[in-house]
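The values are calculated or read from the model by the stated rules, or taken from the named source; none is laboratory data. None of these values were measured; they are calculated from a predicted model. Here the Cβ positions follow ideal geometry from the backbone for every residue, glycine too, while neighbour counts run over all protein chains shown.
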Amino acid sequence: MAQAQQDGQSQRAALTGAGVARSTLRHWNAPPAAPAPAALAAFVETPEGVLWLRQILVAAHWSISEQGGAGVRVVCDFLARSGLSAFIGASYGTQQAFQVELEEQIVSAATDLREALGQAMPHRLLSLAEDETWKDGMRLVSIDAVSGFILLEQTSDARSAAAWTQALESGLAGLNVTVVQGTSDEAKGLLAHVERDLGAHHSTDLFHLQHEVSQAMSLALKRAEQQAETAAAEAKARWQGACAAEQAYHRRRHGPGRPPAFAARIDEALSADVQASRAHERAQARRAEAKALIGAFSEVDHPYELQQGQAQTPEQLQTRLGAVFARLETIAEEADLSERLCAHLAKAKRLTHRLVATLAFFFMMVNTRVQALDLAPAIEQAMLNDLIPALYLERAAARSTRAEQRHRLRALSAERLAPLQQPSHPIQSLDQETRCYLEQVAGECADLFQRSSSCVEGRNGFLALYQHGHHQLSPRKQQVLTALHNFAITRPDATTAAERFFAQPHPSLFEQVLERMPWPARPARRRPRPARQPHLVPVAA
């Protein structure tokens, strides 16, 4: 500032060039307006102290408001309670303006990072997970199923194939990618968008098949079990009542005459109780079996079966899915389900050919990619029979919800990898760079099997929680949340979605934004307020 004034600039021009208000300069030149430790007060007046204050303020808004979902007033309260309000203006208007600037810079910096990373990214084959979310209107959402990178999150008035394709064109602009697969429900617009417009394979979301089966079976079987339980309880109560009536009769003295036929009544009540108990057990067993069969779809639908890790042919998958549906249809017949519920089961059964087609697509893509490497026969077979299955089992273990199955699948994956790690194996004769490349290709092949769009559902749930505290999501706030998801939030391996998608590291979004943010406003001098006078002060006569 002093150098600028020495160069002949006015104070106003020098302050404008530095992005500092004149009131802020006057505050810097004045003694502290609020009490603070002398050492800290002296530090914040240094250039390093000003940088530190800006970093603290940006971090507060970033963590509390943007990622945490709290409002500006919570940031103001944080500044007051931490004592930073002695050096930073903590009024709502000041901090609200700062947050607006922060959000604009987050969106701008994320856009710049995307453009820079897109220019240097290697070519990728994309498997998209697509669906609509319904927060503050309809949004079309498309996410890379492997990296979790949000390619498209756009409001729309229509969900037709044309609307999806037009929106995705802007989402893929500047990216060196080819869409080979789309995973979604069976909406006609999404089907036409993926298969006709993109020329890609459509993979049916397994959850929607399971949901149709659940709609057909779960509630009806639960109601049947509850009714059977009630009937069993009533039958037991009747039997116990008959036994109690006989005991009460014999405890009293009676005159001449034939006693009631208690034995026949008790036998009849006992027989009804046994039958009702058996019916309840059958209802319980049917419901438990139907629940297990719905879960069996998830166990069966894999390119490599989870018991031995061997490749599963489309014909084998068709047979196993058919066996599951045959048993479900038997249960539906035993439970005497209505025609409407059986229609849900039939609808789900019609989707099995799409699951089989996805498995055939997977093996076709894997064989094509491996054959394009032009490897020696022994190494090619090792890729197809051991390396790719092992990496797929490793991914299946990471998605498993049960610890026992996780440990078993990881052990099975390690067992398939063990022969490849022996020094005598032909793959070990390759140089380190080639082995790393083969492992990368094998991982990409394992990631080609996609059967779920749950990442979009998870995104919808996150937006629902965020909206619950804010009542609505403005377009700018939506862009901020997308930018943070792609470039700031990390997985346990410390990688962002952008780093996984572009296959290269990128500068910290926080650091990029921090350099663009203005200096924090200093607090205004507190003006003394006049003491409040009581309303009942006597007035002079």
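Only one residue in 213, 177 is more than 22 Å from the chain's Cα centre (by Cα), closer than 30 Å to residue 277 by Cβ and surrounded by 14 or more Cβ atoms within 10 Å (Cβ to Cβ), so which one is that? Steps first, answer last, please.
Details: 177 fails: closer than 30 Å to residue 277 by Cβ.
Exactly one residue qualifies, and that residue is 213.
With 521, 531 as the choices, which residue is of a type in the set (A, V, I, L, M), outside any helix (DSSP H, G or I) and touching a residue at least 40 places away in the same chain (Cβ under 8 Å)? Even if it seems obvious, please write down each step before you answer.
Working: 531 fails: touching a residue at least 40 places away in the same chain (Cβ under 8 Å).
Selected residue: 521, the only one of 521, 531 that is of a type in the set (A, V, I, L, M), outside any helix (DSSP H, G or I) and touching a residue at least 40 places away in the same chain (Cβ under 8 Å).
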For this session: Output the residues belonging to region 71-92 that are in contact (Cβ under 8 Å) with a residue 40 or more places away in the chain and part of a helix (DSSP H, G or I).
Result: 85, 86
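For the structure I just gave you, tell me whether residue 404 is among the acidic types (Asp, Glu) and touching a residue at least 12 places away in the same chain (Cβ under 8 Å).
Working: among the acidic types (Asp, Glu): yes; touching a residue at least 12 places away in the same chain (Cβ under 8 Å): no.
Criteria not met by residue 404.
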Exercise. For residue 462, are the conditions met, namely being surrounded by fewer than 19 Cβ atoms within 10 Å (Cβ to Cβ), outside any loop (DSSP other than H, G, I, E, B), at pLDDT 95 or above and out of contact with any Gly (no Cβ under 7 Å at 6 or more places or on another chain)?
Worked result: no
Exercise. Somewhere in region 122-133, is a residue part of a strand (DSSP E or B), surrounded by 21 or more Cβ atoms within 10 Å (Cβ to Cβ) and touching a Gly at 6+ places or on another chain (Cβ under 7 Å)?
Worked result: yes
For this session: Taking residue 301 as the residue in question, decide whether it is of a type in the set (Asp, Glu), farther than 20 Å from residue 207 by Cα and surrounded by 18 or more Cβ atoms within 10 Å (Cβ to Cβ).
Result: no
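Listed here are the residues, each with its yes/no results for (1) out of contact with any His (no Cβ under 6 Å at 6 or more places or on another chain); (2) of a type in the set (A, V, I, L, M, F, W, C); (3) under 16 Å from residue 496 (Cα atoms).
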position: 123; (1), (2), (3): yes, no, no
position: 129; (1), (2), (3): yes, yes, no
position: 133; (1), (2), (3): yes, no, no
position: 139; (1), (2), (3): yes, no, no
position: 146; (1), (2), (3): yes, yes, yes
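Restricting to region 446-460, what's the tally of residues that are under 27 Å from residue 313 (Cα atoms) and of a type in the set (A, V, I, L, M, F, W, C)?
Within region 446-460, the subset under 27 Å from residue 313 (Cα atoms) is 446-454.
Within this subset, residues satisfying the condition of being of a type in the set (A, V, I, L, M, F, W, C) are 446, 448-449.
Number of matching residues: 3.
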Exercise. Would a scan of region 276-289 turn up a residue that is at positive phi and surrounded by 14 or more Cβ atoms within 10 Å (Cβ to Cβ)?
Worked result: no
Problem set entry | Qualifying residues in region 149-199 (those that are touching a residue at least 60 places away in the same chain (Cβ under 8 Å), touching a strand residue (DSSP E or B) at 6+ places or on another chain (Cβ under 6 Å) and of a type in the set (A, V, I, L, M, F, W, C)) - the one farthest from residue 459 (Cα to Cα) | 180
For this session: Just one of (1) within 30 Å of the chain's Cα centre (by Cα); (2) surrounded by fewer than 18 Cβ atoms within 10 Å (Cβ to Cβ) trips up residue 272, so point out which.
Result: (1)
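From the list 238, 287, exactly one residue is closer than 30 Å to residue 402 by Cβ and in contact with a helix residue (DSSP H, G or I) (Cβ under 7 Å, 6 or more places away or on another chain). Which is it?
Values: 238 fails: closer than 30 Å to residue 402 by Cβ.
After applying the criteria, what remains is 287.
Could you run through region 141-187 and say how many residues are among the acidic types (Asp, Glu) and assigned to a strand (DSSP E or B)? I'd like the intermediate steps shown before the answer.
First pass over region 141-187, keeping only residues among the acidic types (Asp, Glu): 144, 153, 157, 169, 185-186.
Of the ones still in play, those that are also assigned to a strand (DSSP E or B) are 144, 153.
Result for region 141-187: 2.
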Problem set entry | Conditions (1) outside any helix (DSSP H, G or I); (2) acidic (Asp, Glu); (3) within 25 Å of the chain's Cα centre (by Cα): number failed by residue 404 | (1)
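Among the residues that make up region 495-502, is at least one of them in contact (Cβ under 8 Å) with a residue 60 or more places away in the chain, touching a strand residue (DSSP E or B) at 6+ places or on another chain (Cβ under 6 Å) and crowded, with 20+ Cβ neighbours inside 10 Å? Explain how you work it out, then say what you get.
Here is the first cut: in region 495-502, the ones in contact (Cβ under 8 Å) with a residue 60 or more places away in the chain are 497-498, 500-502.
Cutting the leftovers down to touching a strand residue (DSSP E or B) at 6+ places or on another chain (Cβ under 6 Å) gives us 501.
Subsequent filtering for residues that are crowded, with 20+ Cβ neighbours inside 10 Å retains 501.
Checked against the condition, which is being in contact (Cβ under 8 Å) with a residue 60 or more places away in the chain, touching a strand residue (DSSP E or B) at 6+ places or on another chain (Cβ under 6 Å) and crowded, with 20+ Cβ neighbours inside 10 Å, region 495-502 yields at least one hit.
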Exercise. Just one of the numbered conditions (1) under 23 Å from the mean Cα position of the chain (by Cα); (2) under 25 Å from residue 146 (Cβ atoms); (3) in contact (Cβ under 8 Å) with a residue 12 or more places away in the chain; (4) not in a helix (DSSP H, G or I) is not true of residue 473; which one?
Worked result: (2)
Exercise. Going by the structure shown, is residue 271 of a type in the set (Gly, Ala, Ser), closer than 30 Å to residue 296 by Cα, in a helix (DSSP H, G or I) and outside the structural domain of residue 498 (by TED's automatic domain parsing)?
Worked result: no
Exercise. Could we say that residue 458 is of a type outside the set (Phe, Trp, Tyr) and more than 26 Å from residue 360 (Cα to Cα) here?
Worked result: yes
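When region 48-70 is examined, which residues are found to be outside any helix (DSSP H, G or I) and touching a residue at least 12 places away in the same chain (Cβ under 8 Å)? Step through it out loud before you land on a result.
Step one: of region 48-70, the residues outside any helix (DSSP H, G or I) are 68-70.
Matches in region 48-70: 69, 70.
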Exercise. Out of 420, 409, 373, which single residue is touching a residue at least 60 places away in the same chain (Cβ under 8 Å) and crowded, with 16+ Cβ neighbours inside 10 Å?
Worked result: 409
For this session: Could you check residue 81 against (1) under 35 Å from the mean Cα position of the chain (by Cα); (2) among the basic types (Lys, Arg); (3) modelled with pLDDT under 90 and say which number it fails?
Result: (3)
Exercise. Got a number for residues in region 307-331 being under 30 Å from residue 279 (Cβ atoms) and touching a residue at least 60 places away in the same chain (Cβ under 8 Å)?
Worked result: 2
